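This report concerns only the one structure given below.
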Amino acid sequence: MLNFGSVNLRNKTNNVYRLTVSMNNLIRKDFSLIIHYFHLFPLKTTKTLNFQLWCKIIDIIKLKKHNTKEGLELIKKLRTEMNKYIIENKSIGSSKYS
C-alpha cells in the first residue's frame, strides 16, 4: 500500500501492526505517501510526537540541509528527542517495540 517498508503483526490479540521504514537509499523513496497516510490516520500516544519529529527530519533532508554541519546537528538533536518520553517514563510494555 505504501510501496516500501515492512508491516508485521505485533500483537495478535489486539490486531496491532508495526510499520518499519528504513532511511537507507532515501533518494529513491518518496515519503509523501506515508506522511499523507498518517495525516489521514493519525498515530496515537507518544508515537504522534515521534512522527512529527520524523517529518521535520524528512523536510531537512528534502531541502538538502543535511549536507551542512548545522543541518546534521539539527537532525541529531531531533533524533535524540524521538522516543525520549518513552525512555524517561519507562513505559509499560517491551522496549523492543518503542
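Laid out as a table, the results:
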read-out	value
Thr48, Thr80, reordered so the largest accessible area comes first (probe 1.4 Å)	Thr80, Thr48
FRET E, pair Asn8, Asp59, Förster distance 30 Å, beta-carbon r, rounded to 0.05	0.65
Residue-level accessible surface for Glu73, protein heavy atoms, 1.4 Å, Å²	100
Stretchable slack from Leu74 to Val16, in nm (0.36 nm times residue separation minus alpha-carbon distance)	17.7 nm
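The values are calculated or read from the model by the stated rules, or taken from the named source; none is laboratory data. Here the structure is a predicted model, which is why all the values come from computation and not from measurement. Cβ coordinates were reconstructed from backbone atoms using ideal geometry, including for glycine residues, and neighbour counts include every protein chain displayed. Only protein heavy atoms, including side chains, enter the accessible area calculation; ligands, DNA and RNA are left aside. Shrake-Rupley method; radii C 1.70, N 1.55, O 1.52, S 1.80 Å.
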